[in-house]
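Below is one structure, written out as structure tokens; comments come after it.
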């Protein structure tokens, strides 16, 4: 993330800076008393069809404090209950209301309005899946004769080369299973989604970490698919399933120069 | 074998309305969300890059030895029994994956979340 130097201003001067949480349509916008960063109120700043949800920026630098991270998230969640929301990343501050309109809402009006239209009645669902180590290792021993043989040879302490061979083999088996099972889950869930955002980072025993953009009307179908997956994989794969969330993972602006 | 689709059995998995840990929230609002390009005069200020502590997959001697050890420690009679219990649909089997299903799964997920959260907290403090 590129960090920029905050605009310099006299330290004790009363700040007019506005912290911005996200954009919603003007007719769905509402104040949120005391819900903003540092507990100040969130107010919409409207421009034509759009409303930016803002609050007075805290003095000094915005820090990624636990309470404020949660507030940013909660403000968007509350707005999402009222209508469609385009979530902004944490930490975006405008100099004042005029610059918010001039530099963001006005030049991006049509793009933002289009995004709100497209995201209407869509929700983000997040799914992660992890293997249970004991279960998946036992499965590998059962299904790979080479692993089983090496395991027997090294019971009670084998030579380092044998142990290395065993470990490398297990690791390769695990990676193959991770890829195969992850792909299968993604295929199953992806078929019910309009789009998905997949985390490519490889984390041990994690088969899948992804967000899905799903029409509200298909939420039930998605729940059922998740239940089926969890039931079929009980004891082998643990899932976590979160939503409906505002579409954090499905918003982006065209780059402009 | 991987993804069998059987009749729907409820109570295996509940959708949570919001993330259970700070780590998940952080991933959503620091990694995702609209970014406004640098051309616009906006200050994204005071944020250190925060990453979630998790064991990234690396092929290394340490990893191999750890797996070898874990495989050697396995009690196959227990995990096998658990596997069969799973198929029969009863909750009996001990060890391995045999602990009560839905409950076990929720706890597993929670453990992971709180681990990540712990790592994260330290970094947020360090900021």
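Every read-out reported here was derived from the displayed coordinates using simple, explicitly stated rules and does not represent laboratory data. Everything numeric in this text was worked out from a predicted model, so none of it was measured. Backbone-built Cβ (ideal geometry, glycine too); neighbour counts: all protein chains shown.
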(request) Count, for each residue of A:243-256, the Cβ atoms from other chains sitting within 10 Å of its Cβ, then give me the mean as a whole number. (result) 4
(message) Give me the percent relative contact order of the range A:14-145, please, defined on Cα pairs under 8 angstrom at least 6 residues apart.
(response) 29
(request) Based on other C-beta atoms within 10 Å, arrange A:40, A:93, A:101 from fewest to most. (result) A:40, A:101, A:93
(request) Using the 2.2 N^0.38 Å rule of thumb for compact globular proteins, work out how chain A stacks up: its C-alpha Rg over that value, please. (result) 1.33
(request) Give me D for the range A:144-203 in µm² s⁻¹, whole number, from Stokes-Einstein with Rh from the Kirkwood sum over alpha-carbon pairs, 25 °C and 0.890 mPa s. (result) 176
(message) Using a Gaussian network model on chain A with a 10 Å cutoff between Cα atoms, which of A:126, A:236, A:209 fluctuates the most?
(response) A:236
(message) Within a 10 angstrom radius of the beta carbon, how do A:217, A:178 rank from fewest other beta carbons to most?
(response) A:217, A:178
(request) Pick out which of A:115, A:226, A:164 has the largest mean-square fluctuation in a Gaussian network model of chain A, springs linking Cα atoms closer than 10 Å. (result) A:164
(message) Restricted to Cα positions, what overall size does the range A:123-250 have along the principal axes? Three whole-Å values, descending.
(response) 57, 26, 18
(message) Averaged across A:91-103, how many Cβ atoms of other chains sit within 10 Å of each residue's Cβ atom?
(response) 3
(request) Please arrange A:109, A:130, A:248 by counting, for each residue, the other beta carbons lying within 10 Å of its beta carbon, fewest first. (result) A:109, A:130, A:248
(message) To check my understanding: the extent here is largest minus smallest coordinate of the Cα atoms along each principal axis. What are those three numbers for the range A:18-120, in Å, largest first?
(response) 33, 28, 20
(message) Pairs of alpha-carbon atoms within less than 8 angstrom and 6+ residues apart define the contacts here; what relative contact order does chain A have, in percent?
(response) 22
(request) With a Förster radius of 45 Å, plug the Cβ-Cβ distance of residue A:40 and residue A:220 into 1/(1 + (r/R0)^6) and report the FRET value to the nearest 0.05. (result) 0.70
(request) In a Gaussian network model over chain A where Cα atoms closer than 10 Å are linked, find which of A:18, A:213, A:76 has the largest mean-square fluctuation. (result) A:18
(request) Once every Cα of the range A:47-90 carries one equal point scatterer and solvent is ignored, give the base-10 log of I(q)/I(0) from the Debye formula at q = 0.23, 0.26, 0.34 Å⁻¹, two decimals. (result) -0.92, -1.07, -1.35
(request) Could you tell me how many degrees, from 0 to 90 and to the nearest 10, lie between the Cα long axis of helix A:109-119 and the main elongation axis, the longest principal axis, of the Cα atoms of chain A? (result) 40
